[in-house]
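The values are calculated or read from the model by the stated rules, or taken from the named source; none is laboratory data. These figures come from a predicted structure and were not determined experimentally. FYI the Cβ positions are ideal-geometry reconstructions off the backbone, even for glycines, and counts take in every protein chain you see. Keep in mind that these areas ignore ligands, DNA and RNA; they rest on the heavy atoms of the full protein, side chains included. Shrake-Rupley method; radii C 1.70, N 1.55, O 1.52, S 1.80 Å.
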Amino acid sequence: MKTRLTALLKQSMGTLQKQGALPIDLAVNIKLEHTRDNSHGDFACNLAMVLAKPTKRNPREIAQLLIDNLDSDVNIEKVEIADPGFINFFLNPLSQHQVVSTILEKGEAFGKSKLGTGKKVQVEFVSANPTGPLHVGHGRGAAYGATVSNLLGAIGYEVHREYYVNDAGRQMDILATSVWLRYLESCDVQLVFPSNGYKGDYILSIASDIKATHGDLFCSNAQDVFENVPADEPGGGDKEQHIDALIARAKSILSDANYRLIFDAALNSILGDIRTDLEDFGVHYDDWFSERSLMDSGAITKAIDRLKASGHMYEKEGAWWFKSTDFGDEKDRVVIRDSGQTTYFASDIAYHLHTLERGYDIIDVWGADHHGYVPRVRAALQAMGADPSRLKVLLVQFAVLYKNGEKMQMSTRSGEFVTLRTLREKVGSDAARYFYVMRKAEQHMDFDLDLACSESNDNPLYYVQYAHARVCSVMKQLAEKKMSYTPSIGLENLARLTEQQELDLIDSLNRYPEKLSQAALNYEPHQLSYYLRDLANNFHSYYNSHQFLVDDAALCSARLALINACKQVLQNGLKLLGVNAPESM
RNA sequence: GCGCUCGUAGCUCAGUUGGAUAGAGUAUCGGCCUCCGAAGCCGAAGGUCGUGGGUUCGACUCCCGCCGAGCGCGCCA
């Protein structure tokens, strides 16, 4: 309907241009919108006001001309001009009713579109370092990334969901060393655990698993382990130097193979845990991409060579730098350290290049603390000759946690955090998913744990699910009362739906496809959750003011057709949000 | 200090990319179950859209200056 009206307006404008009433060379973009207030009709257009300036004429006058030259359409009941020059379209109410039959016919496909057909996009999200379990902070990225992926899929994109596994680098060495030290403790070795090591309980359990399968194989004495290791911070030393020295001791005491064994045991245990955690949260990936595999495959060398060939690399103080300032970054970045090791940034460049070469545009969902990282990645892509617009970075703000009215600091290192699993066990996956995507991603979010856990019934999700369950309940009543519902009869009698609540509900249903594509194109799942809330509200109002199961069989079927259409749309929307639509609750 | 994100009802947040009288939830107050589920509905009250300028037919939205919050500014990842 919207495109129809736009076409009519364009046509009218064209006619006026031919007549010479309007200049030919007008480049205006017609904006036709659903009205906020239905006293303004169903659609409103600002065309006349936009035209007022270039033509130097009164907008109302132009509006009248446009209306006079508008072709008639059975669906348009009347057209009005309103201050300061809006053209308001009032549609024939019955023309909107058709959506009920469209919904019942298309089912779960209703609302989907082909806007993104032929486009391949990779959404990379969560990608937390496998150094500990996911906490509630990661949950937001997980829910957001998964929903954005679903939305893009619904409008026709070919979506590839990926988790980039940081299974290389210093953090992982610290993790492996932490595990080994805990293992040594379990072998009754007396030692002081490094202040910069990972202290969570899960480290203990990984260590004891290793002990259970390998016995004393990796044992060593404390004297040996701490030989020539500089003091830790509490001992007046530097905690970074201390832990680095311990890593070196671990590698030297254990053989390469044994160090790798402990390293992999830690990695696999934690990553496995993250995987099942996300699965349980309804978040599924097409691929778990290993950073280490980039090193092994030579992809990093290849990417660096490409940067060198582009002339944007230089050597300074023994390291190789990428001249990202050529592309607007604040400072140049090291890619190869003076030690010869490549940096995390080098891996990331290779990873992005690799993804583009696989034919995907890239959407990275990152925590807002990484925003300073965006320019250098984009710069690297540009230097390698890639179109930087193929990379879109979506930043998700942190959720600030409150417990007992106090702000909580979370740290994986210290082992002090609330896990995503704990949250899920308390409020359920559905409520958590919905809660996370209710706010738009850039908003700083206050997350009151006590409220989320104790009063989970207040979660607005239940309001939406309840509407769905109510429709199901009505259909059960129908059977119990031995009444009948014939969809075809209902669809033939849609004209009987003339109550205000019915018109409102139908209006709401008509807006779903547009809302969906808007939410998808803007990467804004919260738009969908707000829509569903609104749809549910229209349904509940209807439910409270009219009886569906009435004796008039034609009217009854028409009403049931309407609420079943409503149920379908609720179901479609909730599915995209990764939330169940229960038949009873 | 520089950069990014943000500031809207007591609280938590929307605001259709510049449109009409700034909206929801929650909390508060008042109504609604002989009736398909009251996890619901209807109503009241609640605002200097951080602040001061600017751009125009029109600004919560765009530009500039302040105030305030969070984050970032490693040869960490």
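Among the residues of the range A:300-307, is any away from RNA strand B (no atom under 16 Å from the Cβ), open to solvent by less than 50 Å² (accessible area, probe 1.4 Å) and either over 30 Å from A:ASP216 (Cβ atoms) or not assigned by TED's automatic domain parsing to the domain that holds A:LEU181 (or both)?
Of the residues in the range A:300-307, the ones away from RNA strand B (no atom under 16 Å from the Cβ) are A:301-302, A:305-306.
Pick out the ones that are also open to solvent by less than 50 Å² (accessible area, probe 1.4 Å) and you get none.
No, that holds for no residue.
Suppose the filter is modelled with pLDDT of 90 or more and not polar (S, T, N, Q); does A:LYS239 pass it?
no
For the condition closer than 30 Å to A:ASP430 by Cβ, among the hydroxyl-bearing types (Ser, Thr, Tyr), open to solvent by 30 Å² or more (accessible area, probe 1.4 Å) and assigned to a helix (DSSP H, G or I), what is the one hit in A:SER293, A:SER269? Spell out the reasoning first.
Values: A:SER293 fails: closer than 30 Å to A:ASP430 by Cβ.
Result of the check over A:SER293, A:SER269: A:SER269.
For the range A:74-106, residues that are under 15 Å from A:GLY490 (Cβ atoms) and not polar (S, T, N, Q) total 7.
All of (1) touching a Leu at 6+ places or on another chain (Cβ under 9 Å); (2) more than 22 Å from A:ILE155 (Cβ to Cβ); (3) surrounded by fewer than 20 Cβ atoms within 10 Å (Cβ to Cβ) hold for A:GLN527 with one exception: (2). On the stretch given as the range A:422-457, residues that are at pLDDT 75 or above and of a type in the set (D, E, K, R) total 8.
How many residues does the range A:67-104 hold that are within 16 Å of RNA strand B (Cβ to nearest atom) and either within 35 Å of the chain's Cα centre (by Cα) or on the phi > 0 side of the Ramachandran plot (or both)?
Initial filter on the range A:67-104 (within 16 Å of RNA strand B (Cβ to nearest atom)): A:67, A:76-91.
Subsequent filtering for residues that are either within 35 Å of the chain's Cα centre (by Cα) or on the phi > 0 side of the Ramachandran plot (or both) retains A:85.
Total meeting the criteria: 1.
Which one is farthest from the chain's Cα centre (by Cα), of the residues in the range A:1-52 that are of a type in the set (A, V, I, L, M) and more than 15 Å from RNA strand B (Cβ to nearest atom)? Checked the range A:1-52; the qualifying residue farthest from the chain's Cα centre (by Cα) is A:ALA21. When the range A:549-585 is filtered for residues that are closer than 22 Å to A:ASN493 by Cα, crowded, with 22+ Cβ neighbours inside 10 Å and of a type outside the set (A, V, I, L, M), the ones remaining, listed by number, are A:CYS556, A:SER557, A:ARG559, A:CYS566, A:LYS567, A:GLN568. Among the candidates A:ASP264, A:ASP286, A:ASP256, the residue that is assigned by TED's automatic domain parsing to the domain that holds A:PRO375 and not aromatic (Phe, Trp, Tyr) is uniquely A:ASP286.
Can A:VAL393 be described as among the aliphatic types (A, V, I, L, M), closer than 30 Å to A:ARG439 by Cβ and away from RNA strand B (no atom under 14 Å from the Cβ)? Step through it out loud before you land on a result.
Working: among the aliphatic types (A, V, I, L, M): yes; closer than 30 Å to A:ARG439 by Cβ: yes; away from RNA strand B (no atom under 14 Å from the Cβ): no.
So A:VAL393 fails the test.
Counting only residues that are out of contact with any Pro (no Cβ under 7 Å at 6 or more places or on another chain) and open to solvent by 10 Å² or more (accessible area, probe 1.4 Å), how many does the range A:142-159 have?
Residues in the range A:142-159 being out of contact with any Pro (no Cβ under 7 Å at 6 or more places or on another chain) and open to solvent by 10 Å² or more (accessible area, probe 1.4 Å): 6 in total.
With respect to the conditions (1) closer than 30 Å to A:ALA368 by Cβ; (2) outside any helix (DSSP H, G or I); (3) among the aliphatic types (A, V, I, L, M), A:ALA146 falls short on a single one, namely (2).
Which fully enclosed helices (runs of 4 or more DSSP H) of the range A:476-585 have 1 or more residues being within 37 Å of the chain's Cα centre (by Cα), within 12 Å of RNA strand B (Cβ to nearest atom) and β-branched (Val, Ile, Thr)? Even if it seems obvious, please write down each step before you answer.
Details: elements: A:487-492, A:500-521, A:525-545, A:553-576.
Counting at least 1 such residues, we get A:553-576.
Test of understanding: among A:GLU492, A:GLU514, A:GLU502, which residue is surrounded by 21 or more Cβ atoms within 10 Å (Cβ to Cβ) and out of contact with any helix residue (DSSP H, G or I) (no Cβ under 6 Å at 6 or more places or on another chain)? Spell out the reasoning first.
Numbers: A:GLU492 fails: surrounded by 21 or more Cβ atoms within 10 Å (Cβ to Cβ); A:GLU514 fails: surrounded by 21 or more Cβ atoms within 10 Å (Cβ to Cβ).
After applying the criteria, what remains is A:GLU502.
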